[in-house]
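Read-outs: derived from the displayed coordinates by stated rules, not from any lab. Everything quoted here is computed from the prediction, not taken from an experiment. Reconstructed Cβ throughout: ideal geometry from the backbone, glycine too, with neighbour counts over all protein chains shown.
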Amino acid sequence: MPELPEVETTRRGIAPHLLGQAIRSAVVRQSQLRWPVPELDRLLSGRVVKAVERRAKYILIRFAHGTLIVHLGMSGSLRVLPAGSPVRKHDHVDLLFADSCLRLHDPRRFGALLWAESDPLNHPRLRHLGPEPLSDDFDGAYLQAAAHGRRLPIKSLLMDGKVVVGVGNIYATEALFRAGIHPQRASQRISGQRLGHLANEVKTVLTYAIERGGTTLRDFVSESGQPGYFAQELFVYGRAGQPCKRCGTAIRTRQIGQRASAYCPNCQH
DNA sequence: ACAGTAACCTGTTTGC
DNA sequence: TGCAAACAGGTTACTG
């Protein structure tokens, strides 16, 4: 899926179209996503959107009587379209407003729609999540405490949502390059100073990617259908075999925690 | 508690 | 050219 910058780009894009608007009806064409989709038409008809927020990679669409929690999985996208736009394959869910439509498209169906009657942050799927990477709760001292005694590769630690949310394969890969840390290094064998550097690079790369509207990926388009512009600025992700932009050494990849992990064997230790 | 792996599902790319 | 294998942004659940 979209990682945090793509989710935040989506949230910012759809929010102004939804705020204060009443839902006329909802259509569920495919209810088998990651978990069964709730009966949205019954839950949402006539209800007004009060806020559109984000926690981790979940988008929270708040109403007076509860919150619709949206996760885009690996291949999901949310777009605001004119009412009556033709339905494509994998257009699973529509929320219909007076003259527009919020549409969930998700070929792989790893996405999810959940309903929370009370505080969505207490929903079982959100309750145990770690801090937001761009908050003050995530810093070098926090990362040092999280890494203490852990033999797990640092890349896997960064991608563990109980440690910190929103850091997926692309941005974990990029932050580790920028911090000069080998993705497979055991977490406990990295100095506090280097972990501090890493925490800062996570913030930097995510902040910059959000400014640029996310990374261009095969299936990702923002709510307006425009691709992001971060892809051309990636240092190592997706660049296996190509020269390192810093030293010229060929970028390598290896599997870490079942995910392809690109790194520069000269710049990262 | 921790670390590693399989699983969910479909589309696209790669390799023979 | 054709077909099958490998691979893709994420997260949960199971194993030892």
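Rounded to the nearest Å, what's the spacing between the alpha carbon centres of the stretch A:50-115 and the stretch A:129-192? Just the number, please. Comparing the Cα centres of the stretch A:50-115 and the stretch A:129-192, I get a distance of 30 Å. Separation of the alpha carbons by more than 23 angstrom is noted, of A:K162/A:K203; A:K50/A:K162; A:K57/A:K155; A:K57/A:K203, for A:K50/A:K162.
If you run the Gaussian network model on chain A, springs between alpha carbon atoms under 10 Å, then out of A:R88, A:R239, A:R212 the most flexible one is A:R88. Each of A:H17, A:L134, A:S85 was scored by the projection of its Cα onto the charge dipole of chain A, and the greatest displacement toward the positive side belongs to A:L134; charges sit on the C-beta of Lys, Arg, Asp and Glu.
Would you list A:T173, A:T9 from fewest to most Cβ contacts within 10 Å? All intermediate terms of the calculation are to be shown ahead of the outcome.
On the way: A:T173 29, A:T9 26.
Lowest to highest Cβ neighbour count: A:T9, A:T173.
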